Number of protein chains: 2
Amino acid sequence: MLQDLSVDNGGLSFTPLVVVELASDTKEEAIAWLLNRMRDLQQNGGAELLVEQLGPGVWVQEKDNPNVFLVGASRQRLLSGAEDVGLFKEFSDGSMRVFTFANKHDFKDFKGDGDTFLSMAECQYIIKHELDTLRARDETHVPGYTQAKLYPGKSIVRRLQSKGILIQMFPLHEKEELKRLTFSWYKKVKLSFQPLDDIRHYYGEGLALYFGFLEYFTFALVPLALIGVPYYLFDWEDYDKYVVFAVFNLVWCTVILEFWKRCSASLAYCWGTLSRKKAFEEPRPGFHGVLGFNPVTGREEPLYPNVKRQLRIYFVSLPFVLLCLYGSLYVMMVYFQMEFWALSVHDEEPTFWTGILLFIPSIIYAVVIEALNLIYRYAAEFLTDWENHRLESSYQNHLVLKVLVFNFFNCFASLFYIAFIMQDMALLRQSLATLLITSQILNQFMEAFLPYWLQRRRNKKMIRKVQKRKTLEDKELPLVEQVRLEADMSTYLGTFDDYLELFLLFGYVSLFSCVYPLAAVLVVLNNITEVYSDAFKMCHVFKRPFSDPAGDIGVWQLAFEAMSVIAVVTNCALIGMSPQVKAYFPDSETQLILWIVAIEHVLLAFKFILTFLIPNVPKHIRVKLARLEFESLEALKKKRRLRAGKCSKPRGSVRWPSEERTAYKY
Amino acid sequence: MLQDLSVDNGGLSFTPLVVVELASDTKEEAIAWLLNRMRDLQQNGGAELLVEQLGPGVWVQEKDNPNVFLVGASRQRLLSGAEDVGLFKEFSDGSMRVFTFANKHDFKDFKGDGDTFLSMAECQYIIKHELDTLRARDETHVPGYTQAKLYPGKSIVRRLQSKGILIQMFPLHEKEELKRLTFSWYKKVKLSFQPLDDIRHYYGEGLALYFGFLEYFTFALVPLALIGVPYYLFDWEDYDKYVVFAVFNLVWCTVILEFWKRCSASLAYCWGTLSRKKAFEEPRPGFHGVLGFNPVTGREEPLYPNVKRQLRIYFVSLPFVLLCLYGSLYVMMVYFQMEFWALSVHDEEPTFWTGILLFIPSIIYAVVIEALNLIYRYAAEFLTDWENHRLESSYQNHLVLKVLVFNFFNCFASLFYIAFIMQDMALLRQSLATLLITSQILNQFMEAFLPYWLQRRRNKKMIRKVQKRKTLEDKELPLVEQVRLEADMSTYLGTFDDYLELFLLFGYVSLFSCVYPLAAVLVVLNNITEVYSDAFKMCHVFKRPFSDPAGDIGVWQLAFEAMSVIAVVTNCALIGMSPQVKAYFPDSETQLILWIVAIEHVLLAFKFILTFLIPNVPKHIRVKLARLEFESLEALKKKRRLRAGKCSKPRGSVRWPSEERTAYKY
C-alpha cells in the first residue's frame, strides 16, 4: 500500500499520508512549535511523526499557501499507533483480534516487516488519531497567539482548528489504488455487487457500510418493484385493490430492517469494527465554556452547565423547530390552493396545456420542499452548534433529530393530508409521483453533477497551467500539484445527507407505495444511479475522507425503524379506508375501525416480538465472539493459577508441565 | 463475619460455610475421590478447600444420613477465590473496583489479615463457585459409578447432581447475624425502610434487589392509593368519573418503571454488581446430549441440536400452552354461567343470603385460577425441562415466558371480557375486588404460613428430642443438630414466584384500578404484609440460599414494561368507553374512536421517547463508571508508552521522571 506513492514523492524521504494546511499568515514561531511537537519523541509528549513542508510547485502563484505540510510516519510508529487506536486485524486462526505490537507476527497478513499489513486508509486514520491526541503540556497558549489559550491536556489540533490557524487536515488519494477501485466499482459494465471490501479498504468502514446499506436496500426493494410493475401495467391500480400491496408492504418493511442488522453485523465483524471499543471522546473543536475540572478525567478543561444547554434546547431550538414546522404547513396550504386553482382552470376549459398545468403545482411544491430542507439544514446546524454540545456524538444526535423531524414533516405532511383528511387517492398518487421524481432529479443534480462540473473546470485549468511549463506524458500531475489540487477539492461532509436521502425514499416507499406501486420501481432506479453518482463523487469530486471505524449505521438504524413503525400504522389506516375492506362492514363503520385498530396493535406487538426473536448478530459470529471471550477468560485464570502456585506453594512447581498439558486438552 | 460461627463449631478446625450432602448409600470410593479432589491443591486441579464429615449428633438415629460434609476454606483461599469470581469491592477512593489479590490492601475495608473483608454470604458464594468449577481431569466416570460418565473439563458437581449422588449443597445460616437481621428487618415495630444493605449482606444481591423492588413498588403505589381512598369514600366512584384516574394511572405506570431502573442501578452500583461481568455459563445439571465439541470452548461436552429443541418448542410446548389457554377460557365461561345463575337467583327473590351468593362464583373462580396457575406451573417446568436447554438462563427465560403468558391470560381474561365485551362496569368492579382479595389471602397462606407451620412442627420435635438427652440453656442447638435441622428445611426456589405475584398485582392496579380505585389500597396493604411474610419465610422457613450477584431484576423489568404498555392501551379504551367522554361526541362514535386511537398512539410514542430520554443509570454513577474506564485506558496508554520508550529509544529514559509527573497533572 505504502509503495504506491513512494514512486513519485517529490524528493521526500517518506511516504506522505496526510496533508496539514495552516493559514498562510500563521506566525513563524507557531509553525516551528507545532512542527517540533509533531516530530518530538512520544516520551516527551510528541507524536513522533515525520513532517515536511510542501515545496513550491512547478509554477508558483502568488495566492499559493506556503504553509502546507505533508505528514507521514515510520513503519514502526504506524504499527504502535495501530495498537493505540485499537485496530482489529485477522489473527492467524481466522478470528478478528485487537492488534498488539508484541504479537504482531501472529496476525495473518503480517509478513516480513509488516510493509503491507496496514492499508493506507488505516495509516491515515492512525496519523489523524495521533495528531488529534497531541496534547498541550505546560504551554498556556499557542506561541505567537495569546488568545489561543492552552492548558495541560488540551488537544493542540482542536485548539488550532477552533482558532482558524489550522485550515484543514486531509488524507491524500492514492492514484493507482483509486484507478483500480474506480474500475471495479462503476466502470465495469457488467452488473455485479459493489466491491465493498475494496471500498472499505480505501475509504474505511463507515462509508463502506453506507454503500452496503444502499445495496441492501436496493435489493430489498426488488420484490416490491416486481409486484409493483404488473399492478401498474395491467391497470390493477384502481384504488380499491391496494390491500394486498399494503399488507405486503407492512411485512416487508419490518423484515428487511431486522435482517439488515444481521448483514451489518457480518460486515462489521469481517472488518473488525463489531466489537471495537469506542475511544474516549474528546470535546468537539467548537465547544467552549468556563475552565473547570472534568469529573471523569479530573483534567482541567472548559465546562458548560447542562442546565444552560437544556434551556437553549427547550426554549430556543424547540420553538424554532415548531415554527419551521408551522411554516412548512403554511407552504403546504399554499400548494393546495395552487392545486385547486390549476384544477379549476383545467375543469373550465380542458386542453393539453391545462393537463400539464395540473402537474405544475406539485413540481413547484417539490422544488420548494427541497429548498426548505436545504435552508432548514443550515439553520439546524447553526442552532445545534449554538447549543454547545461537548461531544461530537451528542451534537450529531441532536442535529439528526432536528433535521429528521423537519424533513419528515416537510416531505410527508402533504401526503398524509391528502390521504387521511382529503381522502383523495387519485391526488395522492399524482402528488407522490411528482414529489418522488422531482426530488430525485434535484438530488442527483445537486449532489454529484454540480460539484463535478465545478471540480472539472478547476482540474482542467490546473492541468493546462502545468502543461504550459512542462510536458506531461499521461496527464498525471507531479506530487506537489496533486496535493494542491486535492487541497482545493470540496470536503466530503460525511454520510449524513446520503442516509437522509435514503431515509426519505424509504418513507415514500413504505408509507404510500400501496397507492402508487411504481414508487418502488422508481426508487430502485434511483438507487442504481445513486450508487454510480455516489461512487463517482467519492472518487473524483471530493477530497479523500478520513476513514471512520463504524460498527453499524448508528442512529439511522433507529430512524429507519421508527419509520417502519409509522409505516405499519399508515398502511393499516390505508387498508381500513379501502372500499374493498369497507364492503365487509356495510353497516357499522365503528366495527371496521375497531377491527383495524386491533389488527394494527397485533401487528405492532408482533413487530416488537420479532425484534427480540431475530438475533442481531448471526450465530456463527456470536460463536466466534464467545470463543474469544472464553479464551481470554481462560488465559486470565491460568495466569492467576500460575501466580497462586508460584507465590504460596513453591513445592508444587515440579508438576507444572503436566498441568499445562491438561489445560490445553480441555 | 467468620468468627460468629467459630465460637461453637463442634471441634472443627475451621469455620464451616457450606454443607454438602451425598446420598446415604454413596460408595466409599466415590466419597474418597470427591473429598480428595475437593482438598487437592489448585495446581493439581483441586479446589483446595477444607472438608470435614459431620459427626453423629447427640442422639443418633437410624435414618440419619452419615454422608453430610462441612466445607470451609482458609482465608487466603477465600481471598484468591474472590478474585476468581470477579467480586467488586469498595476501593480506598470510594469507587467500586474488581477485587484483585495483589492490590488487596488498597481496598477500603481490608484491615489486617482481611478477616472481616468478605461477608459470609460472599465466602459461601465463592465456595459454591469453586465447587461448581471443580472439573474432571482424565477420569472417565465417577469411581464406583460406571454410569456417571465424566470427560475432561466436565463439572464434577453437576454430574453428581444429575446422577442423584449429590443430594444438596447449601450454605449455613449464621445464628447471631440472623437474629440481628431479623430484628432490624421486621421485629422493629416502628415504620422504616427495610435494611437493604443488611439483607444484601446476608442473602446476596438478587434477593436484596427483590426486596428493594417490593419496597419501591409499595411506595410508588401510595399516590394511587391516596387518590383512590377519597374516590371510594365520597362516592366519586360512579363509573362515569374514572377518566381522571385512568389518565393518572397511565402516566404513573410509565414513570415508575423508568425510575425503578435508575434506583436499581444505584443499588447495584453500591453493591458492586452493576458492571460485574457474567461468568461463563456452564451447561445446566439436567442438560443431556451426544458428546461433541463445543464450538466456543473447543471442549468435548454433550451437544443437543438446536433444531430438535425448536421442534419441541414449536410443536409441543406451544400447542400445549395454547391448549391450556383454551382450557382457561373454558373455565372462564363456566364462571360466567355461574355468575348469571347467581344473579338470576338473586333477582328472583333478593335476600341477604342471595346477596352473599352473588360473590360466591367470583370467589370460586379466584380459587380455581390460583389452582390452575399452580398446576400449570408444574407443567411448564416439566416442559421447559424437557426442551433440554443448555444454559440455565435460557431455561429460565423460556419458563418465565410460558408462565407469564398463561398467568396473565388466566387472571385477566375474565376482566377484559367483562370490561370490553360485556361492558359491565359494576360487574368488573365486583369481580376485580373478589379476585384481588381472594388471591391475596390464598397467596399469603400458601407462601408463608403453611410452610412455617410445617417447619415449626419439625423444629419443636427436634428440640424436644435433643432436650431429652441434654439440658439446653437457651434452646440453642449444637452445630451438628443445627446442620441436620437446616438440611431438613425447605429449599427457597428463587425469586420467581415472588416476582410473579408482584407482576399480577401490578397488572390489577395498572389495568383496571380506575374502575375500582381501592385496588391500589389493597395492594399497598398486601405489599406491607408481603414484606413481613417474605422476610419471615426467608429467615425461619427456608434454608439459606446461595447469594446471586444480580445487577438488575432481569427479565422481570421487561415483563413489567410489557404490562405497562398493555395498561396504556387498556386505560385509553376504558376512557373511550366512559359516558363522560362519550358525551363530547354525541353524534359520531367513529369520531370518538379515532380520537381515542390517535391519543393512544401519541401516548405510546411518548412512552417510548421517555424510555430513551430518561437515562437508565443516574448521572453520578455514570461519571464514576466513566472515570474508571478512563483511568484504565490511561494506565494502558502509559504502559504502552513506557514499553515503547524502553524498547526503541533507551536514550529517552533520562526524561522519565518529568514525563510521569506531567501525566499525573492531567
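What average count of beta carbons from other chains do you get within 10 Å of the Cβ of residues in A:43-49? For peptide A:43-49, the averaged partner shielding equals 4.
Against the main long axis of the alpha-carbon atoms of chain B, helix B:589-613 sits at an angle near 20°.
Could you tell me what percent of the accessible area of the protein assembly as shown is made up of carbon and sulfur, with a 1.4 Å probe and every protein chain present? Don't jump to the answer; show the numbers that get you there.
On the way: 39880 of 63160 Å².
About 63 percent, which is the carbon plus sulfur part of the accessible surface.
Starting from the label point of B:L291 at 7 Å along Cα→Cβ, the same points in the other copies fall at 7.0 nm, in ascending order.
Per-residue Karplus couplings for segment A:617-629, computed as 6.51 cos²θ - 1.76 cosθ + 1.60 with θ equal to phi - 60°, are listed in order as 10, x, 4, 4, 6, 4, 4, 5, 5, 5, 5, 4, 5 Hz, Gly and Pro entered as x. Dividing the mean sequence gap of close Cα pairs (under 8 Å, 6+ apart) by how many residues segment B:86-154 holds gives a relative contact order of 17 percent.
Residue by residue along A:632-639, Cβ atoms of other protein chains within 10 Å of the local Cβ number 2 on average.
Panel note: contact residues of segment B:284-308 (accessible area lowered by at least 40 Å² against the chain on its own; 1.4 Å probe) correspond to B:P295, B:V296, B:R299.
Could you tell me the distance between the Cα centroids of segment A:83-126 and segment B:392-427, to the nearest Å? So the separation of the two Cα centres works out to 55 Å. Computed from Cα atoms, the angle from the helix B:555-577 axis to the main principal axis of chain B rounds to 10 degrees. Only aspartates and glutamates eight or more places from B:K607 in sequence, or on another chain, were considered; those with a Cα closer than 14 Å are B:E258, B:E561.
Take every Cα pair under 8 Å in chain B that's 6+ residues apart, average their separations, divide by the length, and report that relative contact order as a whole percent.
On the way: 769 pairs, mean separation 125.5, N = 666.
The value is 19 percent.
Protein heavy-atom accessible surface, 1.4 Å probe, per residue over segment B:256-309: 49 Å². Taken over the Cα atoms of the protein assembly as shown, the convex hull encloses 232 Å³ per residue.
In a DSSP loop and with at most 15 other Cβ atoms within 10 Å, the trypsin sites (Lys or Arg not before Pro) in segment B:78-136 are B:K108, B:K111. The aspartates and glutamates whose alpha-carbon is closer than 13 Å to the alpha-carbon of A:K624, local same-chain residues fewer than 8 away aside, are A:E90, A:D93. Summed over both chains, the accessible area lost when A and B associate is about 4700 Å², using a 1.4 Å probe. Take every Cα pair under 8 Å whose residues are at least 6 apart in sequence, average their separation, divide by the length of segment B:452-610, and the relative contact order is 24 percent.
Ascending distances from the B:A379 label point to its copies in the other chains, with the point 7 Å along the Cα-to-beta-carbon line: 6.2 nm.
Step through the table entries B:K89/B:K111; B:K104/B:K619; A:K154/B:K277; A:K89/B:K278, compare each Cα-Cα distance with 22 Å, and write down the pairs that go over it.
On the way: B:K89/B:K111 13 Å; B:K104/B:K619 29 Å; A:K154/B:K277 34 Å; A:K89/B:K278 26 Å.
Listed pairs above 22 Å: B:K104/B:K619; A:K154/B:K277; A:K89/B:K278.
Taking θ as phi - 60° and the Karplus parameters 6.51, -1.76 and 1.60, the scalar couplings of segment A:245-261 work out to 5, 5, 4, 4, 3, 5, 5, 4, 5, 6, 5, 5, 5, 4, 6, 4, 4 Hz in sequence order, x denoting glycine and proline. Evaluated with a Cβ-only charge set (Lys, Arg +1; Asp, Glu -1), the protein assembly as shown carries a dipole of roughly 5620 debye about its Cα centre, given to the nearest 20. Residues of segment B:252-281 whose accessible area, computed with a 1.4 Å probe over protein heavy atoms, drops by at least 40 Å² once all protein chains are present relative to their chain alone are B:F280.
What number comes out for accessible area per residue over segment B:423-580 if the probe is 1.4 Å? Units Å², please. Could you put the intermediate results ahead of the total?
Numbers: 6060 Å² over 158 residues.
Counting only protein heavy atoms, the per-residue value for segment B:423-580 is 38 Å².
Position A:N103: other-copy label points at 2.2 nm, ordered by increasing distance, label point 7 Å along Cα→C-beta. Taking amide H as placed 1.01 Å from N in the peptide plane, the amide H of B:L391 sits under 5 Å from that of B:R284, each at least 5 places away or on another chain. Accessible-area loss of 30 Å² or more (1.4 Å probe, protein heavy atoms, chain alone versus all protein chains) is found in segment A:62-94 for A:E83, A:D84.
For segment B:130-215, the solvent-accessible area works out to 41 Å² per residue, with a probe of 1.4 Å and every protein chain left in place.
The values are calculated or read from the model by the stated rules, or taken from the named source; none is laboratory data. Everything numeric here is computed off the predicted structure, so don't read it as measured data. Here Cβ is always computed from backbone atoms with ideal geometry, including for glycine, and neighbour counts include all displayed protein chains. Each accessible area value is taken on the protein alone, full model and side chains, heavy atoms only, with ligands, DNA and RNA left out. Shrake-Rupley method; radii C 1.70, N 1.55, O 1.52, S 1.80 Å.
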